[in-house]
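S.K.: Encoded as structure tokens, here's the structure I'll be asking about.
The values are calculated or read from the model by the stated rules, or taken from the named source; none is laboratory data. Fair warning: this is a prediction, and the values are worked out from it, not measured in the lab. Heads up, the Cβs are rebuilt from the backbone with ideal geometry, glycines too, and the neighbour counts pull from every protein chain shown. Note: areas computed on protein heavy atoms with side chains; ligands, DNA, RNA excluded. Shrake-Rupley method; radii C 1.70, N 1.55, O 1.52, S 1.80 Å.
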Amino acid sequence: MTEKSWTEIQALAVKAATGAAVPPAQALAFGAMATRHLADGGPEAPLSEALSDSGTIVDLAHQIEAVIETASISEQPVRVSEQNSGRRALLISWLASLPCQAETNATSAEIRVRLSLTDPSARTRPARVHIGTALFDQMQDLAARTYVPDSDASRSTGAGAGLMDLD
């Protein structure tokens with residue numbers, strides 16, 4: 001178990017999702033959700049599984065978008081059916097990471113959601129977030145896929161800081 005800042009974990013989760021071939025918008029939302037999930041003490045296995053199958057992240061993002069769309073046209077609670085407990089935990093964390101107020105009630109197969117799209121979330125961010133070594137290593141390995149290889153060719157096309165002579 002290691003401890004990192006909120007920003008470090010969020011940036012790493014975004015890079016890991018990008019390395020897992022998740023589109024940029026969904027990777028950014030996944031980063032916010034993953035950090036909230038870990039900060040709230042959520043299980044790490046669903047995060048690891050989602051990073052191993054990028055389609056899961058995209059599917060979850062689409063489910064959240066559908067909830068937000070439905071909540072924008074109705075004041076009734078939105079019902080989300082999800083049999084898989086890991087995915088259900090990630091959906092709850094994703095809703096908790098939204099910038100608006102979100103109330104969730106979960107059962108073994110369903111989440112009832114009430115979003116207040118006009119009221120900001122009152123959730124606070126802890127200074128430090130705990131993350132297991134295995135998940136941290138998996139995220140770092142996936143993030144490394146986004147790095148440009150170190151070579152003269154890559155440097156000649158603008159990669160890296162390079163050497164600068166400012167005299």
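S.K.: Among (1) surrounded by 14 or more Cβ atoms within 10 Å (Cβ to Cβ); (2) at pLDDT 95 or above; (3) hydrophobic (A, V, I, L, M, F, W, C), there is one condition A134 misses while meeting the rest; what is its number?
M.R.: (1)
S.K.: Additional query: If the Cβ limit is 6 Å and pairs must be 6+ apart or interchain, which residue in segment 129-149 that is farther than 12 Å from K15 by Cβ pairs with which residue that is loosely packed, with under 12 Cβ neighbours inside 10 Å and hydrophobic (A, V, I, L, M, F, W, C)?
M.R.: Filtered contacts from segment 129-149: H130/M1; G132/M1.
S.K.: Okay, moving on. So, in segment 1-26, of the ones that are without any contact (Cβ under 8 Å) to a residue 60 or more places away in the chain and among the polar types (S, T, N, Q), which residue ends up most open to solvent (accessible area, probe 1.4 Å)?
M.R.: Out of the qualifying residues, it is T7.
S.K.: Kindly evaluate L115 against the criterion of being touching a residue at least 24 places away in the same chain (Cβ under 8 Å), over 21 Å from L135 (Cα atoms) and either assigned to a loop (DSSP other than H, G, I, E, B) or acidic (D, E) (or both). Step through it out loud before you land on a result.
M.R.: Working: touching a residue at least 24 places away in the same chain (Cβ under 8 Å): yes; over 21 Å from L135 (Cα atoms): yes; either assigned to a loop (DSSP other than H, G, I, E, B) or acidic (D, E) (or both): no.
Considered against the rule, which asks whether it is touching a residue at least 24 places away in the same chain (Cβ under 8 Å), over 21 Å from L135 (Cα atoms) and either assigned to a loop (DSSP other than H, G, I, E, B) or acidic (D, E) (or both), L115 comes out as no.
S.K.: Please specify each residue of segment 41-92 satisfying the condition of being closer than 23 Å to A25 by Cβ and part of a loop (DSSP other than H, G, I, E, B).
M.R.: Matches in segment 41-92: G42, D53, E82.
S.K.: Are any residues in segment 27-57 of a type outside the set (G, A, S), open to solvent by 30 Å² or more (accessible area, probe 1.4 Å) and either under 11 Å from the mean Cα position of the chain (by Cα) or within 14 Å of R145 (Cα to Cα) (or both), and if so, which ones?
M.R.: Our first condition is that a residue be of a type outside the set (G, A, S); within segment 27-57, this holds for 28, 30, 33, 35-38, 40, 43-44, 46-47, 49, 51, 53, 56-57.
So of that shortlist, the ones also open to solvent by 30 Å² or more (accessible area, probe 1.4 Å) come out as 28, 40, 43-44, 49, 53.
The answer is L28, and nothing else.
S.K.: Looking at (1) closer than 20 Å to S54 by Cα; (2) open to solvent by 20 Å² or more (accessible area, probe 1.4 Å), which is the one condition that is false for G86?
M.R.: So G86 meets the others, but not (2).
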